[in-house]
Amino acid sequence: LTSVTVNEIQKTQITSTLIAILFAGITLVFIYRSLDLGIIAVLPTILASVWILATMTLLGITLNVLTVMVTALTIGLGIDYAIHIVERYREEREHKTESQAIETTIVRTGSALLISGLTTVSGFAVLFLSPMPLVRNFGIITAATIIYSMFIAIFVLPSLIWISNRVKEWLSSQTLD
């Protein structure tokens, strides 16, 4: 019975995670009215989800009733952090050069996300002290999720924005030739 339950949890978790990411991506494309910004805002969440599942595998932590919630947290935090970065970049880009906008975004919004994320990590760090392995593993994985989402939003997402701009420039130069 336990084996069947764990297998069903794993199957439904992967499916629901993919559906949630797809729905978030579609929503962001409509909100931003931009395919590239919508996709860019979702990529960090996909990366964080892969990292957290890899971390669980490396640590030998399986999906169970508690850890199954981690991918939902990853999506929630990852999208939230990404929206903060993308929105700040869009605001800064209205009156600054691209490099200035990215730098300001990283310095100002990135520092706020860092402080916010670290306080949340410290709240979940208390679970490390739990004598119950399920609760301890949930704390470890949740803290890792927050750290991954924070790191990716602050450092990887601005790079993705920059790369996206280079690709758009290249594509526009190709169509002019």
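The values are calculated or read from the model by the stated rules, or taken from the named source; none is laboratory data. As the structure is a prediction and not an experimental result, all values here were calculated from the model. Positions of Cβ are backbone-derived with ideal geometry, glycine not excepted, and every protein chain shown enters the neighbour counts. Please note that ligands, DNA and RNA were not included when accessible areas were found on the heavy atoms of the full protein model with its side chains. Shrake-Rupley method; radii C 1.70, N 1.55, O 1.52, S 1.80 Å.
Is it the case that Gly117 is under 16 Å from Ser149 (Cα atoms) and assigned to a helix (DSSP H, G or I)? Yes, satisfied. When each of Leu127, Leu63, Leu73, Leu77 is tested for being crowded, with 17+ Cβ neighbours inside 10 Å and assigned to a loop (DSSP other than H, G, I, E, B), the lone residue that passes is Leu63.
Conditions tested, residue by residue: (1) within 20 Å of the chain's Cα centre (by Cα); (2) over 16 Å from Asn165 (Cβ atoms); (3) touching a residue at least 24 places away in the same chain (Cβ under 8 Å).
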{"site": "Ser3", "(1), (2), (3)": "no, yes, no"}
{"site": "Glu8", "(1), (2), (3)": "no, yes, no"}
{"site": "Leu22", "(1), (2), (3)": "yes, yes, no"}
{"site": "Ile31", "(1), (2), (3)": "yes, yes, no"}
{"site": "Thr67", "(1), (2), (3)": "yes, yes, yes"}
{"site": "Val70", "(1), (2), (3)": "yes, yes, yes"}
{"site": "Ile75", "(1), (2), (3)": "yes, yes, yes"}
{"site": "Arg88", "(1), (2), (3)": "yes, no, no"}
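All of (1) hydrophobic (A, V, I, L, M, F, W, C); (2) open to solvent by less than 40 Å² (accessible area, probe 1.4 Å); (3) farther than 30 Å from Arg88 by Cβ hold for Ala48 with one exception: (3).
Quick one: would you say Ser3 is assigned to a helix (DSSP H, G or I) and open to solvent by 20 Å² or more (accessible area, probe 1.4 Å)? Taking the combined requirement at face value, the residue satisfies it. Filtered by the rule that a residue be more than 15 Å from Leu59 (Cβ to Cβ) and modelled with pLDDT of 90 or more, the range 125-153 gives Val126, Leu129, Ser130, Pro131, Met132, Ile146, Ser149, Met150, Phe151, Ile152, Ala153.
If we keep just the residues of the range 142-172 that are closer than 25 Å to Val121 by Cβ and open to solvent by 20 Å² or more (accessible area, probe 1.4 Å), which is nearest to the chain's Cα centre (by Cα)? Among them, the one singled out is Tyr148.
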